[in-house]
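Okay, structure first, notes after.
The values are calculated or read from the model by the stated rules, or taken from the named source; none is laboratory data. Please read these numbers as outputs of a predicted model, since none were measured by experiment. Quick reminder, even Gly has a Cβ in these numbers, built from the backbone with ideal geometry, and neighbours come from all protein chains shown. All accessible areas refer to the heavy atoms of the entire protein, side chains included, with ligands and DNA or RNA removed. Shrake-Rupley method; radii C 1.70, N 1.55, O 1.52, S 1.80 Å.
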Amino acid sequence: AHDFRSRSDDSEDTELRFVTCQSLWNQIKSETEQIQEDLNKQLLDNLMNFLSRSLSEFREKTTEWTCRMKFREIPTAALVLGVNVTDHDSTFRSLSDVLQDNITPYIALLEAKDCPGIKNLMQKLMGQLMNCDIDVDPLEDEDSVQVSQNRIRCSMSSLISWYESVTKKTDSETPSKKRNSSSRHWQSPPVVVIFKDMESFSTKVLQDFIVISSQHIHELPLVLIFGIATSPMIIHRLLPHSVSSLLCIELFQSVSCKEHLSTIIDKLLLTSRFPFKLGEKVLQVLINIFLYHDFSVQNFIKGFQLCVVEHFYSQPLSVLCCQLVDVKKRVYSLSHDQCENIRRLPSFRRYVEKQESGKQVALLTNDSFLKEETEKLLEDLHVYHENYVSILRCLHVFTSSLPKYPLGKQIRELHCACLENRVWETEEYESSLQLARMLNKTDLVTMLQQCVEILTSSSGKEFDKTVEKLKEFLTQFQNLEAEASQEQDVSVSSQKELQKKTDLYHLQKTLLELKESRRSKKLTKFEMLRFEVVDYIDSLVRKYLVPADDRTLHEIMYFNAATILRGHLNAAPRTALHTALNNPHWYLKNQALKCDGGGISNKAPDICIVYKLHLECGRLINLVDWLEAFSTVVMAAEEPNADAASSDQVDDIIHARFIRAVSELELLGFIKPSKQKTDHVARLTWGGC
């Protein structure tokens, strides 16, 4: 926040821009969290039902649980989450919260990096469960703390003893306290162990834990949840049949990351709720990173957040990127300098050039007139967004049902195509129209009904006549059905008449007429109506799906700096390292470290001095010469000391500093020891960055 305020170019409205940016992002963040919750609801409900079933069987000692005890089967949920591993944490957090609120307080989340052996796994498991008990009963936790601190007692028998003690403690509570706790948790709640990244766990660790747990399943209601990124078959690859047969596995599938991304784009960008928009190139950068790097929706949202902050930081007029109700107030509070910023916008200059000379003078010289015109243009831009989204959805209804999907199957692909240029001028759009002109009546009627629903629910005020026209098309299709049945009766009767004609002359004449009518076949009423429907949809596209870059003042609401975004998101580690080591003042913001003419400052960090000296060397670097050069630079500003003992001590310190700096440089991959000469190192990097 401080950096946003201090580095902003325009100090007049920095605070307002910051508040607007913060408010907008809070709304977007809450919306993304709600989307995540809605998408995971079905999955979490299914898991809750699974756990409730398993628990009720254990509590009631039903026949099914008795059979499981006999075969020592552990209830296990295989949760397939997909390859977007960075998104798994949010899913597991939601799952843990729901379980703690409704089923059990005893939940352990285990990661492979913390469990290299079975002993580590048991320590981690019991440590988390004991902490859970401490959180519930902070006054009665001394024994639990001793158990968690005593590593010798981290065994399954200790876990069972602890579970029996805490459940007895719950049963012996006062009736009122027991009633309150049972409203949230079951009696004898299960112990849920979640393996967040099953593929990364050692096979031996998993096998040992499952075998040990299965031997105590009659004493401890244990439930396992495996987080799987790839395929459920990984369970059988990691575990032999003798171990996997100890698990009663039920499969659960989360929503795919692509579907999640489509929902995010639909709710954040294809809506009039949020005035901030992404330009085509920026959106394409974020989508490409998602598709070709990590499939992470969370990283996409972080990139979106970066776009919001960068837009409000770099665009002085982003103060006008607000809801329609606030536009008038903010426009009329603009200063003269901000009015000049509006006049400098490329889209506004194009707008001025199209006006008559008198209006051009007023727009360029009269601030009051400019504010009135700006208010109208911003209102038009808001209306454009509302209409754009509605017609885009209607067009997607048609294009998503076509074979081969010329304009893409997802609405985000169609949105990018419309942002990039005039979509009706592309070959893909032309082929889509040709395919649409071959749709059957059932599909056309279904699509028109969907479009009517979209436009009826739209907030746009210009679609009343459009809805009436679409309903008129639907009525005409219904009338065609009645006419078609009548025509069928007529054709049957004509066939009968033809059969009655026994005269050869009349028969040949009739057949020739039929042949000629087939050659010069006219369009049927249905085909004409189908062409009319497609042409009408085409006219809506040409009217409302104009690219945002063609709209005046689009720079206020659209972030188009794809190069800046790519520089932030696409890491260039070698360039960053070279900049940090060669010009340390760039990152440390210390002007004392700045050197002109390629010099080396003795105030720079040791590794920077060593790095700049190594750039002057060839393939092999003599360590003795390197040390002497380093010592010369470091001692440059120090006064010569006559005391020999202290001088030797200083030399030792410099020597130690040099060794450490060289070791750090080797760790970063710039040098390596040489086998040719023991007192030399080999340089590994060449060329500029």
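Restricting attention to the stretch 281-310, report how many residues are outside any helix (DSSP H, G or I) and either modelled with pLDDT of 95 or more or aliphatic (A, V, I, L, M) (or both). Spell out the reasoning first.
In the first step, residues of the stretch 281-310 are kept if they are outside any helix (DSSP H, G or I); the result is 295-296.
Then drop every residue that is not either modelled with pLDDT of 95 or more or aliphatic (A, V, I, L, M) (or both), which leaves none.
Result for the stretch 281-310: 0.
This table checks each residue for (1) more than 27 Å from the chain's Cα centre (by Cα); (2) not in a helix (DSSP H, G or I).
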position: PRO406; (1), (2): no, yes
position: LYS409; (1), (2): no, yes
position: ARG412; (1), (2): no, no
position: LEU435; (1), (2): yes, no
position: THR446; (1), (2): yes, no
position: GLU468; (1), (2): yes, no
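Listed residues LEU334, LEU306, LEU324, LEU320; which is closer than 30 Å to THR374 by Cα and open to solvent by less than 10 Å² (accessible area, probe 1.4 Å)? Every option except LEU320 fails the conditions.
With respect to the conditions (1) more than 28 Å from the chain's Cα centre (by Cα); (2) part of a helix (DSSP H, G or I); (3) surrounded by fewer than 21 Cβ atoms within 10 Å (Cβ to Cβ), ILE342 falls short on a single one, namely (3). Residues in the stretch 263-273 that are closer than 24 Å to THR563 by Cβ and either free of Cβ contacts under 8 Å to residues at least 60 places away in the same chain or assigned to a loop (DSSP other than H, G, I, E, B) (or both): LEU269 only. Restricting the stretch 404-425 to residues that are without any contact (Cβ under 8 Å) to a residue 60 or more places away in the chain and open to solvent by less than 20 Å² (accessible area, probe 1.4 Å), the residue that is farthest from LYS258 (Cα to Cα) is LEU407.
All conditions but one from (1) touching a Pro at 6+ places or on another chain (Cβ under 8 Å); (2) open to solvent by 10 Å² or more (accessible area, probe 1.4 Å) apply to GLN215; the one that does not is (1). Within the stretch 576-590, the residues that satisfy the criterion of being exposed (fewer than 14 other Cβ atoms within 10 Å of the Cβ) and either in contact with a Gly (Cβ under 7 Å, 6 or more places away or on another chain) or not polar (S, T, N, Q) (or both) are ALA576, TRP586, TYR587, LYS589. Note on the stretch 1-75: enclosed helices (runs of 4 or more DSSP H) holding 2 or more residues that are of a type in the set (Phe, Trp, Tyr) and at pLDDT below 60 are 63-71.
State yes or no: is VAL243 among the aliphatic types (A, V, I, L, M) and part of a helix (DSSP H, G or I)?
When the stated conditions are applied, VAL243 passes them.
Conditions tested, residue by residue: (1) surrounded by fewer than 16 Cβ atoms within 10 Å (Cβ to Cβ); (2) outside any helix (DSSP H, G or I); (3) modelled with pLDDT of 85 or more.
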position	(1), (2), (3)
VAL397	no, no, yes
VAL452	no, no, yes
THR456	yes, no, yes
GLN476	yes, no, yes
ALA482	yes, no, no
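Restricting the first member to the stretch 327-353 and to residues that are within 15 Å of LEU377 (Cα to Cα), and the second to residues that are assigned to a helix (DSSP H, G or I) and among the acidic types (Asp, Glu), the beta-carbon pairs closer than 6 Å and six or more apart or on different chains are LYS328/GLU375; VAL331/GLU375; CYS339/ASP367; LEU345/GLU555. Got at least one residue in the stretch 528-543 being surrounded by 11 or more Cβ atoms within 10 Å (Cβ to Cβ), at pLDDT 65 or above and not in a helix (DSSP H, G or I)? No, every residue in the stretch 528-543 fails to be surrounded by 11 or more Cβ atoms within 10 Å (Cβ to Cβ), at pLDDT 65 or above and not in a helix (DSSP H, G or I). Restricting the stretch 631-689 to residues that are within 50 Å of the chain's Cα centre (by Cα) and of a type in the set (Lys, Arg), the residue that is modelled with the highest pLDDT is ARG660.
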